[in-house]
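Remarks on the structure that follows.
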Amino acid sequence: MSLEVKIKKRYKDFSLDVSLETKGEYLGILGASGSGKSLTLKCIAGVETPDEGKIVLKGRVLFDSENNINIKPQSRNIGYMFQNYALFPNMTAEENIGVGLKLAKKEKKKRVKELLSLFRLEDMGHKYPAQLSGGQQQRVALARIIAYEPDVLLLDEPFSALDSKLKSELHTEFLDMLNLYKGEVIIVTHSKEEVYRISENLALIENGTITGFGKTKEIFEHPKSLSEAKMIGCKNISPCEILSDNRILCKDWGLVLETEGIPINCKYAGIPSENFEIVNEPGINTIECKLVNVIEEINGYLIVFKNNKRNENSILYFNINKETWNKKKSQNPLYLKIKDFYLLI
Amino acid sequence: MNWSPILISLKTASVSMVITFFLGIYAAKLVAGMKSDKVRIFIDGILTLPLVLPPTVVGFFILLVFGVKRPVGRFLLEFLGVKIVFSWTATVLAAVIISFPLMYRSARGALEQVDKNLIMAGRTLGMSERKIFWRVMMPLALPGIASGGVLAFARALGEFGATAMVAGNIANKTRTLPLAVYAEVAAGNMEASYGYVAVVVFISFIVLSLMNYFTIKGSKYTDKDASK
C-alpha cells in the first residue's frame, strides 16, 4: 500500500471523486478522454489541488484537507510525464534532463551523461526538443523524470503524442526503459492494448469516478460489471432477467441462456463478439440468426445479425475469420452457438 | 535644423523604455498570477486605462499628483528639492505612464501564452517558482516581451498630449520632437518641421520593422529548421 488516494474536486459541469490504492505494482488507469484520468494524476503530483480528501505516499501525507496539509509539487518527489512530454523547448536535451537536479556542477554533468547513454541519447544531448523525433522526445522526458529519482512515476498517455506506425515499435522499447526505474508506476491511458500490455492492475474511470478495480487480466477475461464490460469493448450487452437457478433471459435479444453460478444480482449479460461458433443444429445457448449485414474488415468479417425467432430489433455482432465464414456462409438457417459469455451486475 | 528636440526625444524614449520594460514585466507577472478573476479584471482595467484615455486627461492626473501644490509634488520639492513638473523628468514620467499599458499587455499576453504544462512540469521536477520564471517563462515569452518593449519605445517617442500638460514646451529642455513639430507649425514655419517629421517617420518605421523581426524570431523553438 504505497500510494493511497481519496480525493474530490468539483467543477461546474464535472466532478471528480476518486479513491485508489496501489500495491507497488504497475497500475493502469483506463478511461475515455474527459473522464478525469489526467486530473487525478495532476492532483497526485500536486499541480492541481483537490477540494477535499487525502493523498498519502509511502506513509508521507502529501495532501490532507482536514488537517490543511498540501505539500507543494516541488517537494512531493513525484515524477510526472506529461501527455506531450512538456520538454522545455528553449533547452537542449541535456539541459532538460539536468534542470531539476540539485547537484554540484560536475556531478550534474556526470549524471546527465550517464542518463543520456542509459536512454540511448548519446548524440542527442545538444539538440533541442524540436529537433528530436517523437520517440527520442519520449526518452528525454522519461530520463528527465528518472534523473530526479521519484518515489512514484505517473505517466499521462505516454504514447498519444506518437503516430500509430511508431507506436508498437516504441511500446517495447519504452517498456525496456521503464524497467530502469525500480519504483511504482501509474499509467493513464484510453487504450486497452496499452494498459493490457503494461500494467498488472487496472482501475477503470468513468465520469470522474472509479467504476472498476482489479487485476488487469481478470477484468479483461471476466468483467463483473456493466462498465467493466463496456470498457474492455464488449460489443453485445443486454439487460437480463433471472428465470431460474441456471437460466436467464436476455431481454434485448429474446434469448435464453443456460449456465451455472448465476449471481443473484445479475442484471446484464455480455457476449464478446468473438465468442460465437457456427453450428449445424439448434440447441442450448444457440441462436438462429437472421443476417442484417456483413462487413468485410482487414482480418475477417463482422457479421451483424438478429435473433430470427423473435421480433426484437436489437442487433448482435459477431467477428469471424474469413476462411471459416466463406466455408459456412451458405448454411441455411445459420445457427450460432454462444461459447462463453459474461454475467454482469 | 535644431538637433535638441531629437536628442531630448531619444533620451526620453530610451529612459522611459527601460523603466516601462521592467515595470511592465513585473506588473504582467503579478496580474497573470492573480487567483481572483474579479481582482484581476479590476487591476487590469486600471493598468490599461492610460492606453485609452486622452493623453491630456492622463496629464491632468499627473498634475493632480505631482503638481508643486499637491502632496506628492510638495513632498518631493520640500524634502528632496526635486521639482518634477516642467522639467525633463516630467517628459519621462509622462512617457512612462502613457507607454506602460503597451508593455504590460504585450508581456502579459506573452507570459500567459507559455504552455501551462511546462510550468507544471517544472514544478514536479522540483524547480523553484523563481527558476521556472527565469529559465522557462521568460525565454519563451521573450519575443512577445521584446516586441512590447519596442512598441513602448515608439509610443514614448510620439508622446505629445500628456507631455505638453506636465512638461510644457520649453525649448532645449522639454521640447520633444512632437512638440517641436507642433510649435513650428503653430508659428507658421512649415519648412522647419520637415526635418523633425522625417526623423519621426524614419525612427517609427525602423521600430515597426524591429517588431516584425522579433515576431519572426519568436518561432525559433517550434520550427525545426530555424534552430539548427
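Cβ contacts < 7 Å: first residue without any contact (Cβ under 8 Å) to a residue 12 or more places away in the chain, restricted to the stretch A:196-225; second residue of a type outside the set (D, E, K, R) and surrounded by fewer than 21 Cβ atoms within 10 Å (Cβ to Cβ), any location; separation 6+ or different chain. Result?
none
Looking for something buried (at least 19 other Cβ atoms within 10 Å of the Cβ) and in contact (Cβ under 8 Å) with a residue 12 or more places away in the chain - is there at least one such residue anywhere in the stretch B:75-83? Break it down stepwise before answering.
Of all residues in the stretch B:75-83, those buried (at least 19 other Cβ atoms within 10 Å of the Cβ) come to none.
No, the stretch B:75-83 has no match at all.
Quick grid of which residues meet (1) among the small types (Gly, Ala, Ser); (2) free of Cβ contacts under 8 Å to residues at least 40 places away in the same chain; (3) closer than 16 Å to A:Trp253 by Cα:
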site	(1), (2), (3)
A:Tyr268	no, no, yes
A:Ile271	no, no, yes
A:Ile278	no, no, no
A:Asn293	no, yes, no
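Tell me, which helices (runs of 4 or more DSSP H) lie completely within the stretch B:97-175 with 2 or more residues that are surrounded by fewer than 19 Cβ atoms within 10 Å (Cβ to Cβ)?
It comes to B:116-124, B:138-157.
Of the numbered conditions (1) modelled with pLDDT of 90 or more; (2) within 14 Å of chain A (Cβ to nearest Cβ); (3) under 22 Å from the mean Cα position of the chain (by Cα), B:Val114 satisfies every one except a single condition; which is it?
Evaluating B:Val114 over (1) modelled with pLDDT of 90 or more; (2) within 14 Å of chain A (Cβ to nearest Cβ); (3) under 22 Å from the mean Cα position of the chain (by Cα) leaves (3) as the failure.
Touching a residue at least 24 places away in the same chain (Cβ under 8 Å), more than 14 Å from every other protein chain (Cβ to nearest Cβ) and not β-branched (Val, Ile, Thr) - does that describe any residue in the stretch B:131-146?
Yes, the stretch B:131-146 has at least one match.
Looking at the stretch A:53-76, can you tell me whether even one residue there is in contact with a helix residue (DSSP H, G or I) (Cβ under 7 Å, 6 or more places away or on another chain), crowded, with 18+ Cβ neighbours inside 10 Å, within 13 Å of chain B (Cβ to nearest Cβ) and without any contact (Cβ under 8 Å) to a residue 24 or more places away in the chain?
First pass over the stretch A:53-76, keeping only residues in contact with a helix residue (DSSP H, G or I) (Cβ under 7 Å, 6 or more places away or on another chain): A:55, A:73-74, A:76.
Those still in the list that are crowded, with 18+ Cβ neighbours inside 10 Å too: A:55, A:73-74, A:76.
If we keep only those that are within 13 Å of chain B (Cβ to nearest Cβ) too, we end up with A:73-74, A:76.
Imposing the further condition that a residue be without any contact (Cβ under 8 Å) to a residue 24 or more places away in the chain reduces the set to A:74.
There is at least one residue in the stretch A:53-76 that is in contact with a helix residue (DSSP H, G or I) (Cβ under 7 Å, 6 or more places away or on another chain), crowded, with 18+ Cβ neighbours inside 10 Å, within 13 Å of chain B (Cβ to nearest Cβ) and without any contact (Cβ under 8 Å) to a residue 24 or more places away in the chain.
Determine which member of the set A:Leu118, A:Leu103 is hydrophobic (A, V, I, L, M, F, W, C), away from chain B (no Cβ under 14 Å) and surrounded by fewer than 20 Cβ atoms within 10 Å (Cβ to Cβ).
Details: A:Leu103 fails: away from chain B (no Cβ under 14 Å).
Just a single option satisfies the conditions, and that option is A:Leu118.
Answer yes if at least one residue in the stretch B:216-226 is modelled with pLDDT under 90, more than 16 Å from B:Leu177 (Cα to Cα), more than 14 Å from chain A (Cβ to nearest Cβ) and in contact with a helix residue (DSSP H, G or I) (Cβ under 9 Å, 6 or more places away or on another chain), and no otherwise.
yes
Which strands (runs of 3 or more DSSP E) does the stretch A:130-247 wholly contain that include 1 or more residues that are under 26 Å from A:Asp17 (Cβ atoms), of a type in the set (A, V, I, L, M, F, W, C) and within 17 Å of the chain's Cα centre (by Cα)? I'd like the intermediate steps shown before the answer.
Values: elements: A:152-156, A:184-189, A:201-206, A:209-215, A:236-244.
Output list reads A:152-156, A:184-189, A:201-206, A:209-215.
Anything in the stretch B:1-39 that is of a type in the set (D, E, K, R) and within 30 Å of B:Val197 (Cβ to Cβ)? List them, or say none.
B:Lys11
Only one of these is buried (at least 16 other Cβ atoms within 10 Å of the Cβ) and at pLDDT below 85: A:Lys167, A:Lys127. Name it. Let's see the steps before the verdict.
Numbers: A:Lys127 fails: at pLDDT below 85.
On inspection, the qualifying residue turns out to be A:Lys167.
Can you name the number of the only condition in (1) within 14 Å of chain B (Cβ to nearest Cβ); (2) surrounded by fewer than 22 Cβ atoms within 10 Å (Cβ to Cβ) that A:Lys42 fails?
(2)
Among the residues that make up the stretch B:174-181, is at least one of them farther than 30 Å from B:Thr215 by Cβ, out of contact with any Pro (no Cβ under 6 Å at 6 or more places or on another chain) and not basic (Lys, Arg)? First the steps, then the outcome.
Going through the stretch B:174-181, the residues farther than 30 Å from B:Thr215 by Cβ turn out to be B:174-175, B:179-180.
Next cut, out of contact with any Pro (no Cβ under 6 Å at 6 or more places or on another chain) only: B:174, B:179.
Those still in the list that are not basic (Lys, Arg) too: B:174, B:179.
There is at least one residue in the stretch B:174-181 that is farther than 30 Å from B:Thr215 by Cβ, out of contact with any Pro (no Cβ under 6 Å at 6 or more places or on another chain) and not basic (Lys, Arg).
Would you mind telling me which numbered condition in (1) exposed (fewer than 12 other Cβ atoms within 10 Å of the Cβ); (2) of a type outside the set (Phe, Trp, Tyr); (3) modelled with pLDDT under 85 A:Glu296 fails?
Condition (3) is where A:Glu296 drops out.
Go through the stretch A:82-95 and count every residue that is more than 9 Å from chain B (Cβ to nearest Cβ) and touching a residue at least 40 places away in the same chain (Cβ under 8 Å).
Matching residues across the stretch A:82-95 total 1.
Name the residue, out of B:Val18, B:Val82, B:Val96, B:Val31, that is farther than 24 Å from B:Ala141 by Cα and not aromatic (Phe, Trp, Tyr). Can you show your working first?
Details: B:Val18 fails: farther than 24 Å from B:Ala141 by Cα; B:Val96 fails: farther than 24 Å from B:Ala141 by Cα; B:Val31 fails: farther than 24 Å from B:Ala141 by Cα.
So the residue among B:Val18, B:Val82, B:Val96, B:Val31 that is farther than 24 Å from B:Ala141 by Cα and not aromatic (Phe, Trp, Tyr) is B:Val82.
If B:Thr176 satisfies every condition in (1) out of contact with any Asp or Glu (no Cβ under 8 Å at 6 or more places or on another chain); (2) modelled with pLDDT under 95 but one, which is the exception?
(1)
Regarding the stretch A:108-115, can at least one residue be identified that is surrounded by fewer than 18 Cβ atoms within 10 Å (Cβ to Cβ), at pLDDT 90 or above and at the interface with chain B (Cβ under 10 Å from one of its Cβ atoms)?
no
For the stretch A:248-293, what are the residues that are assigned to a strand (DSSP E or B), crowded, with 18+ Cβ neighbours inside 10 Å and under 31 Å from the mean Cα position of the chain (by Cα)?
Once the filter is applied, which keeps residues that are assigned to a strand (DSSP E or B), crowded, with 18+ Cβ neighbours inside 10 Å and under 31 Å from the mean Cα position of the chain (by Cα), the stretch A:248-293 yields A:Ile248, A:Cys250, A:Leu257, A:Tyr268, A:Ala269, A:Gly270, A:Ile271, A:Phe276.
The values are calculated or read from the model by the stated rules, or taken from the named source; none is laboratory data. Everything numeric here is computed off the predicted structure, so don't read it as measured data. All Cβ positions, even for glycine, are placed from backbone atoms using ideal geometry, and neighbour counts span all protein chains on display.
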